[in-house]
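> What follows is a structure written as structure tokens; I'll ask about it next.
The values are calculated or read from the model by the stated rules, or taken from the named source; none is laboratory data. If you're wondering where the values come from, they're calculated on a predicted model, not measured in any experiment. As a convention, Cβ positions derive from the backbone with ideal geometry for all residues, glycine included, and neighbour counts pool all protein chains shown.
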Amino acid sequence: MSAANIRVAHVLRRFTRSEWGGTESVVWNTVLQLRARGADPEILTTSALSKPGEEWDDGVRIRRFPYWYPYFPMTGRAALEMDKKGGNPFSPGLFRALKKGRFDLIHIHCGGRLSVMCALTAHRLGIPCVISLHGGFAAVPDGELKNMMAPARGRFHYGGIIDRIAGYRRNAVAESDAVICISRAEERLLKEQFPDRRIVYLPNGVNCDEFAQKPSSTPQAEWRIPADRRLILCISRIDYQKNQKILLEILRKDPNSHLLLLGPVTSPWYCEEVKNRAKELGVADRLTVIPGLPPGDPRLKAVLHEADLFVLPSLHEPFGIVALEAWAAGLPVLASGAGGLADFITPERNGLFFDPEKPESLVCAYERLIGDPGLRENLIAHAQEDVRAFSWPALTDRLLNLYGELLHEKR
């Protein structure tokens, strides 16, 4: 069997267009590329933020299964918070489908007990399993973990009892045949922790030609952003991890600027905190928050062409695929340099870094960029040259080679 015609199960915690993020983008582009090469990929996920059932999209089968969070009491609000971020559910129907699906390989795109159950299912079936660490594993800050677990505080976790009985208290990284890291730092840490595992660095990608084409729509007018303002764009989940509040310092410093935050709200309390801070600073009229757009929405690409610069101020960033999209659209990038961003952004060549915990560092980088047209042009030129290394076809070829090696070893 060649790697090109294999049946691959891609398993996620959730897959919904209303809360589209980096993981969903990576999985979707990967399965489309695999289909184009003759493979038969399928997406299996819980029905978090969606409904149980089956659909076909662009020739790809997507199945969503019922699930639950093993805490008591479990309120609807707490479940919704877990759906949005950090949930660790049970989904027996999903694993029954895995066992009966006649798959050749299981590719895991989630953590927690779902990832362990996937790995153990692969072992029982005698097929390879790969896990991609989209959200990080070894390099997640303690503060991030604490906030992710906040909805479960004060509740009885009976899932631990089930895990012990069923044998799920294991580490999915240790149980997988190959581990894909999207940052070099994570790769180094995991090689130290799991010297006997196959640890592979495979970055995320971008559809370069697609983002290079400017759509005809003009969302800046639709969202009532004055055309004479310098438009600062940040596309990411609106979340404490993404640190958008620091960007208000640019508005305070530059009265001609306007900040557009675009992305699903995964931390409602933080979104309100950002808005309240903007009111305190007297810049609320120069802040626009758009809580996400569906994948493929032409306004997403259009605003990348309308903006003057792109800023990603994350405190923790496993990769930062939106920076590649900005590059492909010809937009200069300022970034915090956190996590995977440091692997592909080279300061002074294709972007500028700043300290995400020091507003003065951000303002300094911003003023350099807007005050030096030559620097701006140089950053854009090198970025559009460098982004070609992250095209989805090239990255999918590398993934297929890994699949082929694992299938050969299993045989």
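> Please verify whether ARG252 is of a type in the set (Lys, Arg), in contact with a strand residue (DSSP E or B) (Cβ under 8 Å, 6 or more places away or on another chain) and in contact (Cβ under 8 Å) with a residue 24 or more places away in the chain, treating the condition exactly as stated. Working first, answer last.
Working: of a type in the set (Lys, Arg): yes; in contact with a strand residue (DSSP E or B) (Cβ under 8 Å, 6 or more places away or on another chain): no; in contact (Cβ under 8 Å) with a residue 24 or more places away in the chain: yes.
Criteria not met by ARG252.
> Which residues, counting only those in region 156-183, are more than 15 Å from ALA122 (Cα to Cα), part of a loop (DSSP other than H, G, I, E, B) and at pLDDT below 90?
First, pick out the residues of region 156-183 that are more than 15 Å from ALA122 (Cα to Cα): 156-166, 169, 180-183.
Filter once more, keeping what is part of a loop (DSSP other than H, G, I, E, B): 158, 169, 182-183.
Within region 156-183, ARG169 is the sole residue that qualifies.
> May I pose another question? What are the pairs, 6+ residues apart or on separate chains, where a residue within region 80-109 that is in the same structural domain as LEU125 (by TED's automatic domain parsing) has its Cβ under 6 Å from a residue that is in a strand (DSSP E or B) and polar (S, T, N, Q)?
Here the result reads PRO89/THR46; SER91/THR46; HIS109/SER132, each pair linking region 80-109 to a residue that is in a strand (DSSP E or B) and polar (S, T, N, Q).
> Further question: State all residues of region 1-54 that are farther than 24 Å from ARG77 by Cβ and under 14 Å from the mean Cα position of the chain (by Cα); if no residue qualifies, say none. It would help to see each step written out before you state the result.
Our first condition is that a residue be farther than 24 Å from ARG77 by Cβ; within region 1-54, this holds for 1-11, 22, 25-44, 53-54.
Matches in region 1-54: GLY22, SER25, VAL26, VAL27, TRP28, ASN29, THR30.
> Just name the residue that is surrounded by the most Cβ atoms within 10 Å (Cβ to Cβ) out of those in region 187-205 that are of a type in the set (A, V, I, L, M, F, W, C) and farther than 25 Å from VAL387 by Cα.
Taking the candidates together, the pick is LEU190.
> Could you tell me whether ARG14 is in the same structural domain as LEU406 (by TED's automatic domain parsing), surrounded by 21 or more Cβ atoms within 10 Å (Cβ to Cβ), assigned to a loop (DSSP other than H, G, I, E, B) and touching a residue at least 24 places away in the same chain (Cβ under 8 Å)? Step through it out loud before you land on a result.
Numbers: in the same structural domain as LEU406 (by TED's automatic domain parsing): yes; surrounded by 21 or more Cβ atoms within 10 Å (Cβ to Cβ): yes; assigned to a loop (DSSP other than H, G, I, E, B): yes; touching a residue at least 24 places away in the same chain (Cβ under 8 Å): yes.
Taking the combined requirement at face value, the residue satisfies it.
> Of the numbered conditions (1) surrounded by fewer than 16 Cβ atoms within 10 Å (Cβ to Cβ); (2) in contact with a helix residue (DSSP H, G or I) (Cβ under 9 Å, 6 or more places away or on another chain); (3) under 19 Å from LEU395 (Cα atoms); (4) of a type in the set (D, E, K, R), GLU24 fails exactly one; give the number of that condition.
(1)
> Can you tell me which residues in region 298-318 are acidic (Asp, Glu) and surrounded by 19 or more Cβ atoms within 10 Å (Cβ to Cβ)?
Scanning region 298-318 gives GLU306, GLU317.
> If you don't mind, there's one more thing I want to ask. Counting only residues that are within 25 Å of GLU210 (Cβ to Cβ) and β-branched (Val, Ile, Thr), which one in region 266-296 is surrounded by the fewest Cβ atoms within 10 Å (Cβ to Cβ)?
We begin by selecting, within region 266-296, every residue within 25 Å of GLU210 (Cβ to Cβ); these are 288, 290-296.
Still in the running and β-branched (Val, Ile, Thr): 288, 290.
Working: THR288: 15, ILE290: 17.
Looking at residues that are within 25 Å of GLU210 (Cβ to Cβ) and β-branched (Val, Ile, Thr), I get THR288.
> Looking for something acidic (Asp, Glu), buried (at least 16 other Cβ atoms within 10 Å of the Cβ) and touching a residue at least 40 places away in the same chain (Cβ under 8 Å) - is there at least one such residue anywhere in region 206-226?
Start the filter on region 206-226 by keeping residues that are acidic (Asp, Glu), which leaves 209-210, 222.
Add one more test, that the residue is buried (at least 16 other Cβ atoms within 10 Å of the Cβ), and what stays is none.
Looking for residues that are acidic (Asp, Glu), buried (at least 16 other Cβ atoms within 10 Å of the Cβ) and touching a residue at least 40 places away in the same chain (Cβ under 8 Å), one finds none in region 206-226, hence no.
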